[in-house]
Amino acid sequence: MLRISLLPGRTGTCAAALLITTTLLLGGCGAGGPAGDAAAAEKDPKAEKAPDAVPVEAVAASRRAVAASYTGTAALEARAESQVVAKTSGVALAVMVEEGQQVRAGQPLVRLDPDRARLAVAQSEAQMRKLENSYQRAQKLVGQQMVSAADVDQLRYDLENARAQYRLATLELSYTTVVAPISGVIASRSIKTGNFVQINTPIFRIVDNSRLEATLNVPERELATLRAGQPVTLVADALPGKSFPGTVDRISPVVDAGSGTFRVVSGFGEDAAGLQPGMFGRIRIDYDQRADALVVPRLALLDDGDPAVFRVRAGKVARVPVKLGYAEGPWVEIREGLAEGDKVVTAGKVALRDGTAVQVIGDKPATAVASKAAPAKAETRQ
């Protein structure tokens, strides 16, 4: 125990100062306890700190139907198309159809001036009748030996020639009415009433759009996978949001030596309402399908060599090699390496390494869960 004697005068003043100094020193030594150490640790910038989790987006591997397919682009063509030409010349007296009108095979389209053709028919018919009468008289006279057999034969040949001329004139008369060679729609018209039409002049174009076709030039490596009858899906740029089903109609058995491709023709029938010849479309031919395949988004695949993904488990990622199968749209089949429900990173992969701590966007952070659990334990102890 410290004993200090208080002396009068100057000696008492010094003793008081000594007492204050001793009290301050004792207080400073007491501040070096646990509380002081904690405060010093908080102020120390070099104190060890856990690394922050990298925010990522993840999707669970799931099962869905996926198909193996070949895709290509092609323009649609009508299965049947005809350029209607005039088989005789003459003035167009009547044009009976317009563009966009549906016609059937044999329907009259244009009527040309038939006067000249009718006169030719009448002339050839008169000549034919004359020779028929002459031949009949000669047959009666040849029995009486009044006409030689050679003359009768000549009359018969002349009669056959006249009959042929009559049929030709009748055919020319029929050509004055131009008819549709096929059923379809009038795609173009290049004639007006009153025009003079020359022989073999194109005057109409008819397109049969009841069944459309698209021709793909497919690489030779696909020759063993494609077959007639396989399902086809077409998406046209002119009709966004719609898809049209079809089938593979025929496949060329010969590979073009110059391009290394073979022709595959797909047909689209009654379900192709809205499609028109000349439209550009994207065609997908499905040649195999898996009804219950394990798939992940294509975005989950890493671009650093062999196929692999980052799998998320317990807040950390691991690089997992995978074996790929079929791919369809945004999905790719995983045949080995993952199980159903495994979460794979789809966004934020650039900053990741094997073992990196991550925080999946949308999941509750682990720190928040721990902070909620701590008050619960404290209440239990109380």
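The values are calculated or read from the model by the stated rules, or taken from the named source; none is laboratory data. What you see is a predicted model, and the numbers here were worked out from it, not measured in a lab. Backbone-built Cβ (ideal geometry, glycine too); neighbour counts: all protein chains shown. Note: accessible area is taken over every heavy atom of the protein model, side chains too, but ligands, DNA and RNA are not part of it. Shrake-Rupley method; radii C 1.70, N 1.55, O 1.52, S 1.80 Å.
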Query raised in the report: What is the packing order of peptides 79-89, 304-314, taking the mean over residues of other C-beta atoms within 10 Å and listing the highest first?
Result: 79-89, 304-314
Report summary line: Total charge of the residues flanking D151 in space, meaning their Cβ is under 15 Å from its Cβ, with Lys and Arg +1 and Asp and Glu -1, is +1
Query raised in the report: Label R104 and A257 with points 7 Å out from Cα along Cα→Cβ: what is the distance between them in nm?
Result: 5.0
Report summary line: Residue-normalised value, i.e. accessible area per residue, for the range 53-163 at 1.4 Å probe, in Å², stands at 61
Report summary line: A student applying the Cα gyration tensor rule (rounded when a/c is under 1.5; otherwise prolate if a/b is larger than b/c, oblate if not) would label the range 312-354 prolate
Query raised in the report: Ratio of Rg to Rh for the range 85-243, alpha carbon only, Kirkwood?
Result: 1.30
Requested in this report: Please calculate the 1.4 Å probe accessible area of S174, with all protein chains present, and give it to the nearest 10 Å².
Outcome: 60
Query raised in the report: Under a Cβ-Cβ cut-off of 15 Å, what is the net charge of the residues other than S259 that fall near it, where Lys and Arg count +1 and Asp and Glu count -1?
Result: -1
Query raised in the report: Relative contact order for the range 317-367 using alpha-carbon pairs under 8 Å, separation at least 6, rounded to a whole percent?
Result: 39
Query raised in the report: Based only on the alpha carbon positions, what is the Kirkwood hydrodynamic radius of the range 213-361, in angstrom?
Result: 18.5
Report task. Leaving ligands, DNA and RNA out of it, report the carbon-plus-sulfur percent of the accessible area of the range 120-202 at a 1.4 Å probe. Result -> 51
Report summary line: Judged on accessible area alone, 1.4 Å probe, highest first, L131, L168 line up as L168, L131
Query raised in the report: Can you give the Kirkwood hydrodynamic radius of the range 207-263 from its Cα pairs, in Å with one decimal?
Result: 13.1
Requested in this report: Return the whole-Å distance between the Cα centroid of the range 223-295 and the Cα centroid of the range 76-106.
Outcome: 31
